[in-house]
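A short reminder: the numbers here are calculations on the coordinates, not readings from a lab. These numbers were taken from a predicted model, which means no experiment stands behind them. Here the Cβ is made from the backbone with ideal geometry for all residues, glycine too, and neighbour counts use every protein chain on show.
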Amino acid sequence: MGLPMAKRLLTQDYPVLAYNRTQEKSESLKTSGARIAQSPVEAIRDADCVVLMLAHFPAIREVLLSEETRSQLSGRTVIQMGTIGPSESRQVEQEVKAAGGDYFEAPVLGSIPQAQEGSLIVMVGASSKQFQEWSELLKCFGPHPVLIGQVGKAATLKLALNQLIASLTASFALSLGMVQREEIPVETFMRILRGSALYTPTFDKKLSRMVKRDYENPNFPARHLLKDVDLILATAAQLELDTSSLMGIRVVLEKALRQGWADADYSALFEAVLSDP
Ligand SMILES: NC(=O)c1ccc[n+]([C@@H]2O[C@H](COP(=O)([O-])OP(=O)(O)OC[C@H]3O[C@@H](n4cnc5c(N)ncnc54)[C@H](OP(=O)(O)O)[C@@H]3O)[C@@H](O)[C@H]2O)c1
């Protein structure tokens with residue numbers, strides 16, 4: 001996601017100084033006009049604003065909050081756009097502010113195609129002042145950034161939406177499995193489903209992958225969905241909600257990862273549904 005988002009900034013005439021742990025992955029950014037930093041320290045030292053699109057909280061710790069990088073944060077604004085938990089986001093905020101920087105979160109809904117065309121849904125956890133100050137930049141990623149509330153609120157909303165990705169996909173996988181095992185034509189199932197109140201477009205988006213059992217070239221890999229499910233379980237538990245239904249989905253997803261589908265499209269959880277425990 002970081003790559004297409006950096007490219008969007010370049011096409012909107014923002015100067016970009018990019019850092020990625022695996023340097024080869026930044027090569028195409030160099031040809032698009034970005035300067036490549038050799039270290040996080042270099043990237044932060046020479047920028048006004050740091051946009052983070054990292055896998056998870058431990059990666060943020062490693063890249064942004066080492067002793068060396070922490071000393072560069074004074075006067076910088078950090079915009080965290082990956083999917084992390086609300087308490088993790090508040091912790092990063094606290095540490096960035098303690099180091100003299102500013103921080104807010106802007107997680108996104110949508111994937112690589114939306115990042116490429118700048119049509120992500122950008123949810124912002126920030127003060128109104130920060131939102132106003134950085135709205136133009138955020139519009140590079142999505143035309144209508146939405147201010148949700150203070151830091152943590154947008155992170156929670158993003159997790160609430162990803163809960164639906166996990167639940168809808170797992171539900172659809174089980175129904176499709178039942179239909180196929182009984183040799184009911186999948187088209188009959190889909191025709192009835194599409195005409196009913198139960199239908200959601202995500203079913204058609206994942207149907208072809210599941211029927212062909214082809215999970216290559218994912219935009220969103222299964223390992224990230226498991227990471228998100230764990231964040232959702234922790235966050236919902238803190239909010240004193242019953243998470244039993246999602247725990248069942250976690251079992252299925254973890255099984256898919258054990259079967260070797262970690263880097264495949266998350267619809268590969270269908271394989272876990274189809275196989276014995
Ligand atoms: N893909 C989507 O559709 C999508 C949509 C919305 C939100 N998100 C969220 O956005 C974030 C990024 O997603 P992605 O799909 O771009 O993930 P990704 O392709 O796995 O990229 C993760 C990035 O984090 C870096 N990273 C991981 N561990 C690190 C560590 N310990 N130290 C330093 N760097 C580390 C990786 O560096 P290397 O290249 O060196 O591995 C890479 O730059 C995730 O939080 C994800 O949940 C993803």
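Tabulated data for the structure shown
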{"read-out": "Among 222-231, 30-39, 120-129, the order from most to least packed when residues are scored by Cβ within 10 Å on average", "value": "222-231, 120-129, 30-39"}
{"read-out": "Per principal axis, descending, Cα span of the chain in whole Å", "value": "62, 45, 34"}
{"read-out": "Assigned charges on the beta-carbon of Lys, Arg, Asp, Glu; the chain dipole about Cα centre (debye)", "value": "280 debye"}
{"read-out": "Under 12 Å, Cβ to Cβ, from residue 61 - net charge with Lys/Arg +1 and Asp/Glu -1", "value": "-3"}
{"read-out": "Count of lysine pairs in the chain with Cα separation under 17 Å (8 or more residues apart, or interchain)", "value": "8"}
{"read-out": "Cα-projected label distance for residue 38 with residue 263, points at 7 Å along beta-carbon direction, nm", "value": "2.8 nm"}
{"read-out": "Spherically averaged projected area of the range 155-274 from its Cα convex hull (nm²)", "value": "7.6 nm²"}
{"read-out": "Value at 222 nm in deg cm²/dmol, rounded to 500, when DSSP H runs of n ≥ 4 in the chain each add -39,500 (n - 2.57)", "value": "-16500 deg cm²/dmol"}
{"read-out": "Sorted by Cβ neighbour density within 10 Å, fewest at the top, the residues 172, 141", "value": "172, 141"}
{"read-out": "Per-peptide average of other Cβ atoms within 10 Å, ordering 178-184, 134-140 highest first", "value": "134-140, 178-184"}
{"read-out": "Top positive-direction residue, dipole computed over the range 118-277 with Cβ charges, set 126, 275, 184", "value": "126"}
{"read-out": "Taking the C-alpha atoms of the range 2-150, convex hull volume expressed per residue in Å³", "value": "101 Å³"}
{"read-out": "Phi to ³J(HN,Hα) by Karplus 6.51 cos²θ - 1.76 cosθ + 1.60 over the range 47-55, Hz, x for Gly, Pro", "value": "10, 7, 9, 10, 9, 9, 9, 10, 4"}
{"read-out": "Calculated FRET efficiency for the pair residue 150/residue 27, C-beta based, R₀ 35 Å, to 0.05", "value": "0.35"}
